[in-house]
Amino acid sequence: MAEEKGLPVVKLPEEVKVKLGTMERDIAGARRGIAALKSMGMETRALEDRLEWAEGVRKTLLKEFS
């Protein structure tokens, strides 16, 4: 039997949902910045890991609490 998704315990306010939705542009900018640092030979693994984590959190918040 499929698990039914209930109502979220916490619902994000509309302005938070909008901001989380527009963060894709910020994430793309961060990726470009990391690529520039990497092209200069800098170690960027920690930055990339943090960006991946942040993107995952953003997606989870939008999926689970909207």
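The values are calculated or read from the model by the stated rules, or taken from the named source; none is laboratory data. What you are looking at is a predicted structure, and each value in this text was computed from that prediction instead of being measured. Here Cβ is always computed from backbone atoms with ideal geometry, including for glycine, and neighbour counts include all displayed protein chains.
Scan the range 41-66 and report the pairs whose first residue is free of Cβ contacts under 8 Å to residues at least 24 places away in the same chain and whose second residue is of a type outside the set (A, V, I, L, M, F, W, C) and assigned to a helix (DSSP H, G or I), with Cβ atoms within less than 9 Å and a gap of 6+ or a chain change.
Matching pairs, first to second residue: T44/K38; L47/G33; E48/R31; E48/K38.
Being more than 21 Å from D49 (Cα to Cα) and either among the β-branched types (V, I, T) or part of a helix (DSSP H, G or I) (or both) is the filter; apply it to the range 1-33 and report the residue that is modelled with the lowest pLDDT.
Here the answer is V9.
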